[in-house]
Amino acid sequence: MSKLKIAVQKSGRLHNDSMKILKGIGISIDNGKDQLKASARNFPIEVFYLRNGDIPQYLRDGVVDAAIIGENVLIEKGNDITIVEKLGFSKCRVSIAIPKSSKYKAFSDLSGKRIATSYPNTVKQYFKKNGINLNLHIINGSVEIAPNIGLADAICDIVSSGSTLFKNNLKEVEVLFRSEAVLASSPFINDEKQQILDKIKFRFQSVLKGRQSKYILLNAPNDKLQDIINILPGMKSPTVLPLAKKGWSSVHSVLNKNEFWDIIDELKLNGAQGILVCPIEKLVI
Ligand code: PRP
């Protein structure tokens, strides 16, 4: 049986979380990232550790069948590559920043200003779309230093925590787009490998749904049971089991973590007691 070749970032902000999500779907990788490639003991894949910026071309050429990569890299270098699934980690923004002391009212203020970036295609497209003149300076690293050394008036780079901008006395003035890690596939993937990729996608979805959800158990007096059941969304409907104590039931359900606190408050108001909330490792619907 042939193996799916999947690229992950060799080093950098996506590497650890990429390996963690592969482990989370039960794929055990044999070798470390000192090797160019590693195989899995229990799943038909080979992992290729590659430089971030090279991955779109490897996908395009069919050298690898799939990749875990930042959307920002695909937007810059691989607009033609298919995104199979968003993975919810390594979230960042691709933004324009200017010195804190500079005045800024509107995007048109950047017309003709020198913009330093390692995202030239992204910046060109954004300026063109907005009909603004661009004076581009392409540099490959330490972009945030450019305004301080007089090389540029503004920069375009990824912003995550914002601490690099802060340290360099810059302020974020335009968000070009938001990015996160994604699973992407090569246009040349064959049917057999597509089936392996579909399995990986399904397992990723189970992990992601699990991360989005919480398992909740609570005790409810039977006379309040219906009110409490009405509050809980549940998957089909909540599980209700009798407690040893007469007149009480145990209610089990699954909540979306974004609605979680609002629902807990309502449950308490409606007489729920002993509320227990647990993480969910995987959720298959
Ligand atoms: C990126 C980016 C910024 C920094 C922003 O660099 O180029 O310098 O992260 O992150 P922050 O908002 O959390 O400070 P990264 O460390 O990923 O390495 P790179 O220079 O190779 O892109």
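Bear in mind that the values in this text are calculations on the coordinates, not laboratory data. The shown structure was predicted, so the numbers you read here are calculated from the model rather than taken from an experiment. Here Cβ is always computed from backbone atoms with ideal geometry, including for glycine, and neighbour counts include all displayed protein chains.
If the convex hull of the alpha-carbon atoms of the stretch 51-104 is projected onto planes in all directions, what is the mean projected area in square nanometres?
Value for the stretch 51-104: 5.2 nm².
The stretch 174-188 to the stretch 38-101: how many Å between their Cα centroids?
The stretch 174-188 and the stretch 38-101 have Cα centres spaced 7 Å from each other.
Out of residues 5 or more away from residue 170 or on other chains, whose amide H comes under 5 Å of its own, with H placed 1.01 Å from N in the peptide plane?
Amide H neighbours of residue 170, under 5 Å, 5+ apart: 100.
Is any helix in the chain, taking whole DSSP H runs, at least 20 angstrom long along its axis by alpha carbon and on average at least -0.5 on the Kyte-Doolittle scale, and which ones?
Membrane-span-like by this criterion, though nothing is claimed about a membrane: none.
Counting Lys +1, Arg +1, Asp -1, Glu -1, what net charge surrounds residue 1 among other residues with beta carbon under 11 Å of its beta carbon? List each step's numbers first, then the result.
Values: positive: 3, 193; negative: 192.
Taking every other residue near residue 1 into account, the sum is +1.
Work through the residues other than residue 89 whose Cβ is under 11 Å from its Cβ and net out their charges, Lys, Arg +1 and Asp, Glu -1.
Numbers: positive: 13, 20, 86, 91, 211; negative: 17, 180.
Counting the neighbours of residue 89, the net charge comes to +3.
Mean residue ellipticity at 222 nm from the helices of the chain, using -39,500 (n - 2.57) per DSSP H segment of n ≥ 4 over the full residue count, to the nearest 500 deg cm²/dmol? All intermediate terms of the calculation are to be shown ahead of the outcome.
Values: 8 runs with 78 residues, N = 285.
After summing the helix terms and dividing by residue count, I get -8000 deg cm²/dmol.
Sorted from largest down, what three extents in whole angstroms do the Cα atoms of the stretch 213-279 have along their principal axes?
34, 20, 20
Give the Cα extents of the stretch 92-179 along the principal axes, in whole Å, largest first.
Answer, in whole Å and largest first: 31, 27, 25 Å.
Once the convex hull of the C-alpha atoms of the chain is built, how many Å³ does it hold per residue, rounded to a whole number? Don't jump to the answer; show the numbers that get you there.
On the way: hull volume 53.1 nm³, N = 285.
Enclosed volume per residue, from the Cα hull, is 186 Å³.
What order do you get for 73, 64, 254, 284 when you list them from fewest to most C-beta neighbours inside 10 Å? Numbers along the way, then the final one.
Working: 73 23, 64 26, 254 19, 284 9.
Lowest count first: 284, 254, 73, 64.
Remind me, what semi-axes does the stretch 163-207 give for its equivalent ellipsoid, largest first in whole Å, using sqrt of 5 times each Cα gyration tensor eigenvalue?
Values: eigenvalues 289, 35, 15 Å².
So the three semi-axes of the stretch 163-207 are 38, 13, 9 Å.
In Å and on Cα atoms, what radius of gyration and Dmax does the stretch 148-258 show?
For the stretch 148-258, the Cα-based Rg and Dmax read 24.8, 77 Å.
Lysine pairs in the stretch 92-179 with Cα distance under 16 Å, only those 8 or more apart or on different chains: how many are there?
Total qualifying Lys-Lys pairs in the stretch 92-179 comes to 10.
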